[in-house]
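First comes the structure, then the notes that go with it.
The values are calculated or read from the model by the stated rules, or taken from the named source; none is laboratory data. Keep in mind the model is a prediction, meaning the values are calculated, not measured. So basically every Cβ, Gly included, is an ideal-geometry build from the backbone, and we count neighbours across all protein chains shown. Quick note on the areas: whole protein, heavy atoms, side chains included, nothing else; ligands and nucleic acids left out. Shrake-Rupley method; radii C 1.70, N 1.55, O 1.52, S 1.80 Å.
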Amino acid sequence: MQSSELTKRKKLPLAPVGVIIFGATGDLATKKLFPSLARLFADGHLRDFFIVGLSRQNLNNETFRNYVASAVGPKYADSNFLSKIEFVQGDFSSPESFQNLGERIAKIDDVRGVCSDKVYYLAVPPILYGELLENLATSGLTVTCGGLSRIAIEKPFGSNYLQAQVLDKKLSVYFKENEIYRIDHYLAKETIQNILTFRFSNSIFPPLFTSEHIERIEAVFSEKNVVGSRAGFYESVGALLDVGQNHILQMVAAVTMENPGEILPASIRTLRAEAISRFTFEGKDGDLTVGQYDGYRDEHGVASISTTETFFKMKFKIIGGILDGVPVTATSGKGLAESRASVSVFFKKGDCTHQNILTFWIQPNEGIAINFYSKAPGFTKKLASKMLDFSYSEEKDVRLPDAYERVLFDLLRGDETLFGSTDEVMASWRFITPVLEMAKKLPLMRYNQGTLVEELF
Ligand code: BG6
């Protein structure tokens, strides 16, 4: 794989496109989608487009544009960008709202004199997907004037294995597989993309990525933040579904998947799905710990007797493939001492006395580091531990796009590489189902906010 292949994908043309955001005043749209769209516009990546936001709030085009302006901040609140945004007040359960939406979209296309591609972005809680999809289809919105239509769905995809199958079936009635974009924004993180480039474009690494050389893998996803304004949503998912079933698995899949040879969406997605299906949770004593931070039950929208986990530590193994038998530990929690997302590969010591560890960093800064040992200077035989590392944040004049910019950039152009396939999503449900079953039977440990992840349980 050549690193230039990643950039090659950017050349896909962008046809005239309309982005329709359901849940346009929600947390995701406000904090991520609009700021990312505004930055793509500022960087010249969005030209022939319009955006329609749908939400229950009592807004009109003008007040909604003001809302978006404050969401994107003064630097990006460009009047040309804002003028492309319209608002439709509506309820996801009301066919009439979808009719209004359809009429508005048709009118915008008429005025612009084009039949745009349509991207429907479901920035709403998963519980609303079913009804919303039905209304979307029965209103005829998915049958466009001739342009393509795509649907973007956020993780967690369904709330258990069976529901994920039902959702997948429902989606396949209205959309073809190549029109369905299952989002896990961690796939769009520079470092996750870079793991493959790093592993397969540097000849010294592929021979080392086997169970003969790797002792274990550790993924850490710790956050200082508590759940805050997302408490209502979080209460229904918990840490295992919020990040365990998706971001963490994708981090580990990137370091364990086989060489795709070239970056073709189909081969990458197949190999990612195969990597995830090799993750095996045995459910032995000590393979899972779950906890909840003190104060979680006082968050707005959380039950006073909530048993939702805000922390977990799980141990599993890779069975099959080049890393057969390699153990993995994945730890994640909210309300912890530091924000860190990383995946580390611990190499076997072999005949050496010290261990080399290769770490891919996603938070707080994206980058890669490897420790090694050299002779301490002077009249000594002692070893000194040193780091070879780089961080994107140290690269001047490079603006690292937010993962959601990449998600939207690819979604609007129809590049599926960084989106989950049915097989991937189902493989992650097959993995997490016994973990969730075990979690239900375990005592929920309590921890103080600000605890160091290493100190937990
Ligand atoms: C989201 C989770 O998918 O990812 C959040 O729902 C989490 O709970 C977030 O905070 C972390 O993303 P990032 O991009 O800030 O590392």
So residue 158, is it outside any helix (DSSP H, G or I), within 18 Å of the chain's Cα centre (by Cα) and among the small types (Gly, Ala, Ser): yes
When residues of the stretch 340-377 are limited to those that are open to solvent by less than 50 Å² (accessible area, probe 1.4 Å) and assigned to a loop (DSSP other than H, G, I, E, B), the one farthest from the ligand (Cβ to nearest atom): 376
Residue in the stretch 178-190 that is of a type outside the set (Val, Ile, Thr), open to solvent by 30 Å² or more (accessible area, probe 1.4 Å) and within 16 Å of the ligand (Cβ to nearest atom) present: yes
Number of positions in the stretch 216-243 that are away from the ligand (no atom under 11 Å from the Cβ) and within 20 Å of residue 454 (Cα to Cα): 6
Of all residues in the stretch 379-398 being touching a strand residue (DSSP E or B) at 6+ places or on another chain (Cβ under 7 Å) and within 16 Å of the ligand (Cβ to nearest atom), the one that is modelled with the lowest pLDDT: 392
Residues satisfying the stated conditions in the stretch 254-267, i.e. outside any loop (DSSP other than H, G, I, E, B), away from the ligand (no atom under 16 Å from the Cβ) and touching a helix residue (DSSP H, G or I) at 6+ places or on another chain (Cβ under 8 Å): 255, 256
Checking residue 401 against (1) in a helix (DSSP H, G or I); (2) modelled with pLDDT under 95, the condition it does not meet: (1)
Candidate set: the stretch 274-291, residues that are assigned to a strand (DSSP E or B) and within 28 Å of residue 258 (Cβ to Cβ); chosen: the one most open to solvent (accessible area, probe 1.4 Å): 280
Pick from the stretch 320-338, criterion open to solvent by less than 50 Å² (accessible area, probe 1.4 Å) and not in a strand (DSSP E or B), ranking: nearest to the ligand (Cβ to nearest atom): 334
Residue check, residue 139 in contact (Cβ under 8 Å) with a residue 40 or more places away in the chain, open to solvent by 40 Å² or more (accessible area, probe 1.4 Å) and among the small types (Gly, Ala, Ser): yes
Any hit, the stretch 378-395, residues being outside any loop (DSSP other than H, G, I, E, B) and in contact (Cβ under 8 Å) with a residue 40 or more places away in the chain: yes
